[in-house]
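The values are calculated or read from the model by the stated rules, or taken from the named source; none is laboratory data. None of these values were measured; they are calculated from a predicted model. Heads up, the Cβs are rebuilt from the backbone with ideal geometry, glycines too, and the neighbour counts pull from every protein chain shown.
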Amino acid sequence: MIVSPDEPTCRFAQYEWAIRFRQPVSIVVILACTLLQFLTSPSWAGNSLVNVLAETLSFVLVVIAAFGRIWSALYISGYKEDRVVTEGPYAIVRNPLYVFSFLGTLGLGLTTRHLAVVTIIVGAFILYYPLVVLAEERNLQHKFGQAYLDYASKVPRFLPSHFRLVEPDTYPVRPGHVRRSLLEIVWFFWAFLILHLVADFHYVV
């Protein structure tokens, strides 16, 4: 249910901690999955058909995530602090950065060849990041008021209900924000490579 900007937003305030601890929680999950990957055997063989399909899917998901985050960053860089962004991927879902990040996370999980790692990564993302989104929505409601409420009533959080693309002919972009976003996206590919090498660790020791 959407609340009006004049109503108390304390029901979202309880999730503010999720924003503060987002990075520490992510680091703990990454370290736990890395340790599990080293200490346990892969769930499928490196020369199997399952692995070929898993690696192909993982690479495709990482590429989609990377380009999706670039697409999202281009739109959010111009107006992030000034108004509600409703163009580009933000016309399809309210949180495209998290949607594409989830796809990339799933892809990285498949790269490990460990079902347990995939389960932990996906489970942690599904359980934790909705709390982050709720806290961010509280801040957006407070900052933009009715404009954000109107937007939220039309566009879903995560799962698209339509694919009506809104693309203006011209759009302002802040190069510094886009550059930082590109640097963040590079880590998807570094992580893909590193996890792939770790997955091969069991076959060379």
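Tabulated data for the structure shown
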read-out: Evaluation of S153 against (1) out of contact with any Pro (no Cβ under 8 Å at 6 or more places or on another chain); (2) in a helix (DSSP H, G or I); (3) closer than 21 Å to L57 by Cα (one fails), failing number; value: (3)
read-out: Counted residues, segment 52-105 - those being part of a loop (DSSP other than H, G, I, E, B), in contact (Cβ under 8 Å) with a residue 40 or more places away in the chain and not aliphatic (A, V, I, L, M); value: 6
read-out: Residue check, I126 closer than 29 Å to P24 by Cβ, under 19 Å from the mean Cα position of the chain (by Cα) and buried (at least 18 other Cβ atoms within 10 Å of the Cβ); value: no
read-out: Out of E184, E167, E136, sole residue that is touching a residue at least 24 places away in the same chain (Cβ under 8 Å), touching a strand residue (DSSP E or B) at 6+ places or on another chain (Cβ under 7 Å) and of a type outside the set (K, R); value: E167
read-out: Filtered residue count, segment 164-205, keeping only those that are at pLDDT below 85 and assigned to a loop (DSSP other than H, G, I, E, B); value: 10
read-out: Hits in segment 47-74 (condition: out of contact with any Pro (no Cβ under 7 Å at 6 or more places or on another chain) and farther than 17 Å from L108 by Cβ); value: N47, S48, L49, V50, V52, I70, A73, L74
read-out: Counted residues, segment 138-163 - those being more than 21 Å from the chain's Cα centre (by Cα) and closer than 18 Å to W71 by Cα; value: 0
read-out: Residues of segment 33-45 classified as loosely packed, with under 14 Cβ neighbours inside 10 Å and more than 26 Å from the chain's Cα centre (by Cα), total; value: 4
read-out: Counted residues, segment 54-93 - those being touching a Lys or Arg at 6+ places or on another chain (Cβ under 8 Å) and farther than 14 Å from Y171 by Cα; value: 4
read-out: Test set (1) surrounded by fewer than 15 Cβ atoms within 10 Å (Cβ to Cβ); (2) farther than 21 Å from Y129 by Cα; (3) of a type in the set (A, V, I, L, M, F, W, C) - A54 fails condition number; value: (1)
read-out: Residue within segment 60-83 that is of a type in the set (D, E) and either within 16 Å of the chain's Cα centre (by Cα) or surrounded by fewer than 16 Cβ atoms within 10 Å (Cβ to Cβ) (or both) present; value: yes
read-out: Residue check, F189 among the aromatic types (F, W, Y) and within 21 Å of A18 (Cβ to Cβ); value: no
read-out: Any hit, segment 106-120, residues being closer than 30 Å to T56 by Cβ, of a type in the set (S, T, N, Q) and either assigned to a helix (DSSP H, G or I) or at pLDDT 90 or above (or both); value: yes
